[in-house]
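One structure is given below, encoded as structure tokens.
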Amino acid sequence: MIALLTRDMRLAVRAGGGFGLGLAFFLIVVVLVPFGVGPENALLARIAPGILWLGALLACLLSLDRIFALDWEDGSLDLLATSPVPMEALVSMKALAHWLTTGLPLVLATPVLGLLLSLPVQGYGPLVLSLALGTPALSVIGTFGAALTVGIKRGGLLLSLLVLPLYVPTLIFGAEVARRGAEGLEYTAPLAMLAGITCGAIALLPFASAAVLRVNLR
Amino acid sequence: MASIWEYANPKKFIETTDRFLPFIAIAAVVALVGGLVWGFFFTPEDYRQGSTVKIIYLHVPAALMAINAWLMMLVASLVWIVRRHHVSALAARAAAPIGATMTVIALVTGAIWGQPMWGTWWAWDPRLTSFLILFLFYLGYMALWAAIENDDTAADLTSVLCLVGSVFAVLSRYAVNFWNQGLHQGASLSMDKEENVADVFYYPLLVCIAGFILLFVALVFLRTQTEIRARRTRALLARERLG
């Protein structure tokens with residue numbers, strides 16, 4: 001399992017495209033927002049938490065189809081499926097690798113981008129905290145979507161259609177934590193809900209992902 | 001003692017539903033026409049809402065069926081996963097577009113009703129929002145069915161999606177409650193509540209709901225039959241090409 005994780009990480013970093021692409025996309029989205037809504041700092045500060053959450057979510061979505069697609073094409077997914085590692089562990093490792101290569105860099109990059117959107121000072125802590133808690137859920141849910149669509153040619157658009165509605169609760173609570181934090185309000189309640197969703201998704205969704213992956217490899 | 005699983009046999013299913021379908025369809029038409037005519041022409045106007053209140057006879061039954069259609073798909077998906085009856089998977093597939101249509105009817109009639117009453121076509125109210133999300137779930141479900149060529153694979157994947165989607169749909173329902181305050185009124189059709197709608201509106205509404213349920217059942221039967229026959233035709237064609 002560790003070997004699988006390191007292999008995925010190494011592939012993601014060295015193959016190019018996947019690793020930096022999400023980050024660059026996130027940056028571009030954040031840069032484009034002021035062009036769209038105007039450069040007033042007060043307005044930007046008000047929408048910054050939501051924009052940053054949405055940008056992170058879309059950047060996450062962008063790299064989802066790479067989770068299984070490459071392994072599916074060259075057949076290594078079949079080999080992995082026949083290995084002694086259970087399928088549930090395989091998809092969990094895939095999700096973890098996706099989070100480490102996409103979610104974690106996004107979380108680390110957010111403070112810098114928050115600066116660009118003149119996020120209030122007290123907002124940084126809750127924003128980073130909510131993203132750190134929420135992006136694992138995005139990765140796990142996305143892995144489920146990727147497992148569903150792995151056998152479909154050009155499944156990228158379908159993947160977004162399937163995954164985005166599943167992202168709704170995570171986005172609501174995550175953005176709520178960030179917004180309340182930026183406004184200096186109490187945010188423990190949505191934070192607890194967000195943590196609950198993440199824990200639930202990590203605990204249960206790998207079984208669903210493994211089940212659909214088995215069907216797709218049949 | 002005949003078991004209910006006998007009807008999982010496609011032939012038996014078609015025979016049985018063929019026998020009942022005309023009656024259900026006629027009953028649906030009678031209940032719908034009766035309920036709507038009764039509701040539209042023979043009930044008083046609400047003292048505050050005027051005649052716009054009459055949209056309730058479309059809005060409420062459609063919204064009810066939008067949720068119950070998903071529930072039916074959930075049950076059918078579970079039956080497919082557990083017992084692998086093809087009719088069950090096809091019934092779930094047949095119900096999805098009907099449920100999506102009901103969702104659209106509920107949303108559109110709601111907007112038409114909301115315009116004069118709330119002064120807006122759309123508000124990001126929890127109920128409205130969760131219906132929109134439900135519609136997205138329907139779209140994703142149907143798109144997945146359409147995208148996969150192998151029937152059994154498609155049935156497996158969509159049923160898992162239905163299960164996972166149900167959990168997330170419920171989660172979203174309560175998450176949006178948390179996210180915004182509502183404009184929509186609470187439930188007013190509970191069995192035991194004081195604030196139900198007045199009886200003059202209540203009875204025609206019940207008839208309309210019965211009509212929508214019958215209509216849904218009739219459409220699901222019909223569409224499931226169509227799916228079964230389409231699959232049979234495909235099998236026959238494939239056999240001919242081989243032979």
Assess whether A:ALA195 counts as being of a type in the set (A, V, I, L, M, F, W, C), over 16 Å from A:CYS60 (Cα atoms) and touching a residue at least 12 places away in the same chain (Cβ under 8 Å).
yes
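Surrounded by 19 or more Cβ atoms within 10 Å (Cβ to Cβ) and within 7 Å of chain A (Cβ to nearest Cβ): does that describe B:SER130?
Details: surrounded by 19 or more Cβ atoms within 10 Å (Cβ to Cβ): yes; within 7 Å of chain A (Cβ to nearest Cβ): no.
The answer is no for B:SER130.
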Which residue pairs have Cβ atoms under 7 Å apart, sit 6 or more places apart or on different chains, and have a first residue in region B:145-161 that is facing another protein chain (nearest Cβ under 7 Å) and farther than 17 Å from B:ALA230 by Cα and a second that is assigned to a helix (DSSP H, G or I) and among the hydroxyl-bearing types (Ser, Thr, Tyr)?
B:LEU161/B:TYR141
Exactly one condition in (1) within 9 Å of chain B (Cβ to nearest Cβ); (2) free of Cβ contacts under 8 Å to residues at least 24 places away in the same chain is not met by A:LEU185; state its number.
(1)
Which numbered condition B:LEU171 fails, given (1) at pLDDT below 75; (2) within 14 Å of chain A (Cβ to nearest Cβ)
(1)
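Go through the residues of region A:175-187 one by one and say whether even a single one is of a type outside the set (Val, Ile, Thr) and closer than 18 Å to B:VAL167 by Cβ. Give the steps one after another, and end with the answer.
Taking region A:175-187 and keeping what is of a type outside the set (Val, Ile, Thr), we get A:175-176, A:178-187.
Then keep just the ones that are closer than 18 Å to B:VAL167 by Cβ; that gives none.
No - not one qualifying residue is present in region A:175-187.
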B:LEU58 passes all but one of the listed conditions (1) surrounded by 15 or more Cβ atoms within 10 Å (Cβ to Cβ); (2) over 18 Å from the mean Cα position of the chain (by Cα); the exception is number (2)
Sort out for me the helices (runs of 4 or more DSSP H) sitting completely within region B:1-118 that have 2 or more residues that are charged (D, E, K, R) and out of contact with any Phe, Trp or Tyr (no Cβ under 6 Å at 6 or more places or on another chain).
B:10-41
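Would you mind stating whether A:ALA175 is of a type outside the set (Phe, Trp, Tyr) and more than 10 Å from every other protein chain (Cβ to nearest Cβ)? Break it down into steps so the answer makes sense when it comes.
Details: of a type outside the set (Phe, Trp, Tyr): yes; more than 10 Å from every other protein chain (Cβ to nearest Cβ): no.
In short, no.
Rundown of residues vs (1) within 14 Å of another protein chain (Cβ to nearest Cβ); (2) in contact (Cβ under 8 Å) with a residue 60 or more places away in the chain; (3) under 23 Å from B:ASP156 (Cβ atoms); (4) among the aromatic types (Phe, Trp, Tyr), yes/no style:
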| site | (1), (2), (3), (4) |
| --- | --- |
| A:SER118 | no, yes, no, no |
| A:ALA132 | no, no, no, no |
| A:LEU138 | yes, yes, no, no |
| A:GLY181 | no, yes, no, no |
| A:LEU191 | yes, yes, no, no |
Mind listing whichever residues of region A:91-125 are surrounded by fewer than 24 Cβ atoms within 10 Å (Cβ to Cβ), within 18 Å of the chain's Cα centre (by Cα) and of a type outside the set (S, T, N, Q)?
A:MET93, A:LEU96, A:ALA97, A:TRP99, A:LEU100, A:LEU104, A:PRO105, A:VAL107, A:LEU108, A:ALA109, A:PRO111, A:LEU113
Meets criteria (part of a helix (DSSP H, G or I), in contact (Cβ under 8 Å) with a residue 12 or more places away in the chain, surrounded by fewer than 22 Cβ atoms within 10 Å (Cβ to Cβ) and among the hydroxyl-bearing types (Ser, Thr, Tyr)) for A:SER160:
yes
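The values are calculated or read from the model by the stated rules, or taken from the named source; none is laboratory data. Computed from a predicted structure; not experimentally measured. Cβ sites come from the backbone with ideal geometry, for glycine too, and all protein chains shown count toward neighbours.
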